[in-house]
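As structure tokens, the structure follows; a few thoughts come after it.
The values are calculated or read from the model by the stated rules, or taken from the named source; none is laboratory data. Note that the coordinates shown come from a computational prediction; the quantities given were computed from them, not determined experimentally. Here the Cβ positions follow ideal geometry from the backbone for every residue, glycine too, while neighbour counts run over all protein chains shown. Only protein heavy atoms, including side chains, enter the accessible area calculation; ligands, DNA and RNA are left aside. Shrake-Rupley method; radii C 1.70, N 1.55, O 1.52, S 1.80 Å.
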Amino acid sequence: MRDERDLVRTLRAAAVQVEHRDLADGVAHRRRARRTKQRVRVLLAAAAVVAVVAGTAAVVSRSDDHRRAEPATVLHGWDSIKSAAELWPQAVVKVPAYDSEGWRTQVATSMGATEVLLLAKSKKARRLEVYDSARGTIRILGSVPEAQDLRYVAVGTQYIAWYTGPVLGGPIAFWIMPRAGGAARRVGEAAHDIESFGITEDVLVWSVREGGGVYRMPVTGGTPQLLPGTAGLRLTYWPWAAGMSSRGVQNRVVNLETGESIEVSVPDGVGVMQCHPEWCAGGRGERVIVQRVDGSERHTLPQELGHMGSSRMGLLGDRYAIFRALDEPMKRGVPLAIVYDFETGVIAKLGERPYAAGDGMVGYGYSTSPSTTRFWWTGDKVEDAKEYIVLNVAAMPR
């Protein structure tokens, strides 16, 4: 199901009005590796690295047994698209907005197919909790020191990691907690203005906002170390990094473990391009373009779908993207967002505008790389929500 390139993904996304952000896990398949290695040129030395349409998409068989997407180019109204809950009922769960002690919860990320990581808040304290969707219960993991300055969270195989500090500029402090829960421990500090952050089994990794560059620090602490050959690169999720030709336009996909660097075929006129290891989504004018990294299987999506802007927050998990639903601002019944599956061409609706004013939004949680969760709520204000509706990519069928 997963291979040697399946490593813990860390996070990238943006804050929303309730300070939610998220986390992600990533996968790259051997079959894709055999095909892409023919296009690869090695830029990094391996020794330098740390040890659309739901119901309307046509699927065509290929000689390599891969089923590729043939997304439709026209939508026949929002009612023609199924909701995420209809397509993936096991992946859409309702998470309480308050725990049993009355602490307000915030969705942080997925920790697996049945677990959602939460940041719980009282008047003066913060702690990490986990909602178990199979049991319908919340358990406490541990307290978060310096919680008022908590910025982003990453989940690894052994630890949950986060950092605290100012929104922009340094210094910042790294913290970890056992994944199963326990006391938090301060790992070390960095002076960098961090843009993307994650954790492998026992190493913190991050890239910086100005000039790029990927750094590492063991969970045992120490001095931050710049990985050789990573100047100008921005971490997406370990071991993947992005080379950028301009802010928001990705022109390389780099594997920091193997040293492979794959050029992205960027179409003319594209102002935004965001890539998974195999798939990309871009914006050209008001239209969304999806394609493989090498430019093959390129499609322009229906005009009702809009890209999410210049950040990587439009990517979701290892094979999905999130797009805006474009329609009249006062119109009812318009989805809050659209999920697109690169592999099948299927799209699904997330939520619905609560009323004609056009309010409502999809939250991203605590994350700096392609998240494995998205959430929304009913009503116009998140502060009034009694529960969140969460899409958990980790629970979606492969």
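Inspect all residues belonging to segment 358-372 and state whether any of them is open to solvent by less than 20 Å² (accessible area, probe 1.4 Å), at pLDDT 95 or above and of a type in the set (A, V, I, L, M, F, W, C).
no
Mind telling me which of the residues G222, G229, G212 ends up being at pLDDT below 95, under 28 Å from E146 (Cβ atoms) and out of contact with any Ser or Thr (no Cβ under 9 Å at 6 or more places or on another chain)?
Going through G222, G229, G212 in turn, just one is at pLDDT below 95, under 28 Å from E146 (Cβ atoms) and out of contact with any Ser or Thr (no Cβ under 9 Å at 6 or more places or on another chain): G222.
Output the number of residues of segment 97-112 satisfying the condition of being under 24 Å from A154 (Cβ atoms) and either open to solvent by 50 Å² or more (accessible area, probe 1.4 Å) or not in a loop (DSSP other than H, G, I, E, B) (or both).
Of the residues in segment 97-112, 9 are under 24 Å from A154 (Cβ atoms) and either open to solvent by 50 Å² or more (accessible area, probe 1.4 Å) or not in a loop (DSSP other than H, G, I, E, B) (or both).
Scan segment 286-299 residue by residue and report those that are open to solvent by 10 Å² or more (accessible area, probe 1.4 Å) and either among the hydrophobic types (A, V, I, L, M, F, W, C) or within 19 Å of L75 (Cα to Cα) (or both).
Passing the criteria: E286, R287, R298, H299.
Filter segment 373-398 down to the residues that are open to solvent by 50 Å² or more (accessible area, probe 1.4 Å) and outside any helix (DSSP H, G or I), then identify the one that is modelled with the highest pLDDT.
So the residue we want is E387.
Kindly provide the set of residues from segment 284-342 that are at pLDDT 90 or above and polar (S, T, N, Q), ordered by number.
Scanning segment 284-342 gives Q291, S296, T300, Q303.
Please specify each residue of segment 244-284 satisfying the condition of being over 27 Å from E304 (Cβ atoms), more than 17 Å from the chain's Cα centre (by Cα) and in a loop (DSSP other than H, G, I, E, B).
Across segment 244-284, the qualifying residues are L256, E257, T258, G259.
Exactly one of these conditions fails for N251: (1) open to solvent by 10 Å² or more (accessible area, probe 1.4 Å); (2) within 17 Å of T368 (Cα to Cα); (3) among the polar types (S, T, N, Q). Give me its number.
Failed condition: (2).
Which residue pairs have Cβ atoms under 9 Å apart, sit 6 or more places apart or on different chains, and have a first residue in segment 259-279 that is over 23 Å from S371 (Cα atoms) and a second that is of a type in the set (S, T, Y) and in a loop (DSSP other than H, G, I, E, B)?
Every condition considered, the pairs that remain are S265/S296.
For residues in segment 113-126 being open to solvent by 20 Å² or more (accessible area, probe 1.4 Å) and not polar (S, T, N, Q), which is nearest to R139 (Cα to Cα)?
Among them, the one singled out is E115.
Looking at P239, is it under 24 Å from E189 (Cα atoms) and surrounded by fewer than 24 Cβ atoms within 10 Å (Cβ to Cβ)?
The answer is no for P239.
If I ask for residues that are more than 21 Å from the chain's Cα centre (by Cα), part of a loop (DSSP other than H, G, I, E, B) and closer than 22 Å to L119 by Cβ, which ones from segment 172-217 would you list?
A180, G181, G182, A183, A184
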